[in-house]
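Here is the structure we will look at, set down as structure tokens.
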Amino acid sequence: MVRRPTPTGEFFTAEFKTFNEQNGWGFVGCDELRARFGSDVFAHNRELVNVPVKAVGEVIYFELGMTEDGKPQVLNAQPAGAPIISVEPAAKKPRLEEAPASVEVEETPAAEEGEVAMTDAGPPTNPETTTGEAAGTSTADMAEGTAG
């Protein structure tokens, strides 16, 4: 089983120095990588699927990978100047849904202990509680806070 090189997170632009279409591999190089590793960087066809032209002199953009024995290798190559094609899954977009409208919860005198009644915070619909007369309190007393 062939192990995929470990991605380094470093990206480079280099040109093909050689490529053997029959074998499906070649080498790319640039001065910076040649100075760092003392050689060109291996490029296998499986990492070049987004590169339509693999010919000497063609320039690619790629992530540098390292093999288990410390050799540099091309990963996720694309033609230089092409839009970047991410191989990582896209980040999830934040939800734009609005939160549901809040519902007021109030205790009612008729509720048993621990029970609550739901209300839409609109005007009461029971005519007896609208005027407050059932409890011996007028609407004016209720507004002034002197209910009792």
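See the values below:
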| quantity | calculated |
| --- | --- |
| All positions within the stretch 1-58 that are touching a residue at least 24 places away in the same chain (Cβ under 8 Å) and aromatic (Phe, Trp, Tyr) | PHE11, PHE12, PHE16, PHE19, PHE37, PHE42 |
| Count of the stretch 1-56 residues which are closer than 22 Å to GLU68 by Cβ, in a loop (DSSP other than H, G, I, E, B) and more than 30 Å from the chain's Cα centre (by Cα) | 7 |
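Values in this text are rule-based calculations from the coordinates and carry no lab data. In this text the structure is predicted, and so the values were computed from the model without any measurement. We place every Cβ from the backbone using ideal geometry, glycine too, and count neighbours over all the protein chains shown.
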